[in-house]
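As C-alpha cells, the structure follows; a few thoughts come after it.
The values are calculated or read from the model by the stated rules, or taken from the named source; none is laboratory data. Model, not experiment: these values are computed from the prediction. Methodologically, a virtual Cβ is constructed for each residue, glycine included, from the backbone with ideal geometry; neighbour enumeration extends over all protein chains shown. In case anyone asks, the SASA skips ligands and DNA or RNA and just uses the protein heavy atoms, side chains included. Shrake-Rupley method; radii C 1.70, N 1.55, O 1.52, S 1.80 Å.
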Amino acid sequence: MVRLRFGGIVNFTQRVVRRSALLSRTLLGLVLLSALLLVHAVVVENIAAPTSWLWRLRLLDLQSATDLLVATGAAALARAQYARTVRPAIGGIGRVVPDLAPDRLAWSFQVTNAAQDVAVVTDLSYGLLLAPAEPGGPPDTLSWTDRAEIDRRLIERELVRHEDFWLSLMGVGRPLPAQGTAFVGWFTEEAMRVIVELYVRIQVVDRVGDVHERIFPCLRGADRAPRNPSPLLN
C-alpha cells in the first residue's frame, strides 16, 4: 500500500478481486448445506421421541450426511489447491532500450506472467500524473481512464506519439501466456520530463474463473535521462 504524493492510496500487490461464483461460492454453499444436514442427522439420531415436525423429518441418515460433508469439503479443498496452482503471477519489467524511439533511447515497460498457466486480460486502465504545466501550478490528481485519454492528455502537452512516447494496443481479451510478456509502452527523456508517473491497472482471469488485479507504476525507478541501454538479464 502506497500513499501517493498527490493524494489517494494505491495497492501495488497482486490481489484477487473476484472469485468465480460457480466454482467457488456454489461449492462453499454446498459445504455449508452438507454441514447443516449432518447437524440435522445428529439431532434426529439422538432425539428419542421428537415432537417437532422438523426433527421427525428424516433427510439423510448419519452416515450419508457425514459422507456428503467429507465429499464436498474435499472438493472445496481441491478447488482451492488447483486455484493456487493456476494462479497467475503478474509482474512488470522496465528497462532502457534502443530502436523504439527514433534515434533515441527510451524507457520501456512490459507486463509479465511468470506462472505456469495462461491468464486473459479482462480490464485495463491507466492513471496519469503530469508535472505542472507552469512552475508553481497545482499538482495533478490521479483518475483511471483509457489509453485514448492518456494519448490526448500527452499530446496536449506537446508530446508526439511514435516519437516521444507510445502505448501498446493491449486490451481486453488479450492472453498473457505462461512465462510470457506483454508490451505496455515506451517513453523518451522528453516524455519523462512531463510525466511524473503512469500507472497501469490490469485485471486478468485465470483458468478457474478467478479475477486478479495488479497496479504498476511504469516509471518507478526509470532512468529519466537515459544514455546507455540497460543490460540484458536472464
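Hey, Leu62 hits all of (1) under 16 Å from Pro217 (Cα atoms); (2) open to solvent by 60 Å² or more (accessible area, probe 1.4 Å) but one; which does it fall short on?
Leu62 satisfies all of (1) under 16 Å from Pro217 (Cα atoms); (2) open to solvent by 60 Å² or more (accessible area, probe 1.4 Å) except (1).
Output the residues belonging to region 186-199 that are in contact with a Cys (Cβ under 9 Å, 6 or more places away or on another chain) and surrounded by fewer than 22 Cβ atoms within 10 Å (Cβ to Cβ).
Glu197, Tyr199
Please go through region 77-97 and pick out each residue that is within 17 Å of Arg207 (Cα to Cα), in contact (Cβ under 8 Å) with a residue 12 or more places away in the chain and surrounded by fewer than 16 Cβ atoms within 10 Å (Cβ to Cβ).
Result: Tyr82, Thr85.
Looking at Leu142, Leu128, which is the one that is open to solvent by 30 Å² or more (accessible area, probe 1.4 Å), within 22 Å of the chain's Cα centre (by Cα) and farther than 22 Å from Arg18 by Cα?
Leu142
Any residue at all in region 167-185 that's assigned to a strand (DSSP E or B), more than 15 Å from Ser108 (Cβ to Cβ) and open to solvent by less than 60 Å² (accessible area, probe 1.4 Å)?
yes
Got a number for residues in region 111-125 being under 30 Å from Val194 (Cβ atoms) and surrounded by fewer than 18 Cβ atoms within 10 Å (Cβ to Cβ)?
3
Please specify each residue of region 197-234 satisfying the condition of being more than 19 Å from Leu130 (Cβ to Cβ), outside any loop (DSSP other than H, G, I, E, B) and of a type in the set (A, V, I, L, M).
Listed by number, the residues that qualify are Ile202, Val204, Val205, Val211.
Filter region 145-166 for residues that are β-branched (Val, Ile, Thr) and either in a loop (DSSP other than H, G, I, E, B) or open to solvent by 80 Å² or more (accessible area, probe 1.4 Å) (or both) and give the result.
Ile155, Val160
Starting from region 206-234, keep only residues that are under 15 Å from Val10 (Cα atoms), then list their pairs with residues that are assigned to a loop (DSSP other than H, G, I, E, B) whose Cβ atoms are within a distance under 8 Å, requiring at least 6 positions of separation or different chains.
Glu213/Gln14; Arg214/Phe12; Arg214/Thr13; Arg214/Gln14; Ile215/Asn11; Ile215/Phe12; Phe216/Phe12; Pro217/Phe12
Each row is one residue, and each column tells you yes or no for (1) modelled with pLDDT of 85 or more; (2) among the β-branched types (Val, Ile, Thr).
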site: Leu59; (1), (2): no, no
site: Gln63; (1), (2): yes, no
site: Ala76; (1), (2): no, no
site: Gln81; (1), (2): no, no
site: Thr85; (1), (2): yes, yes
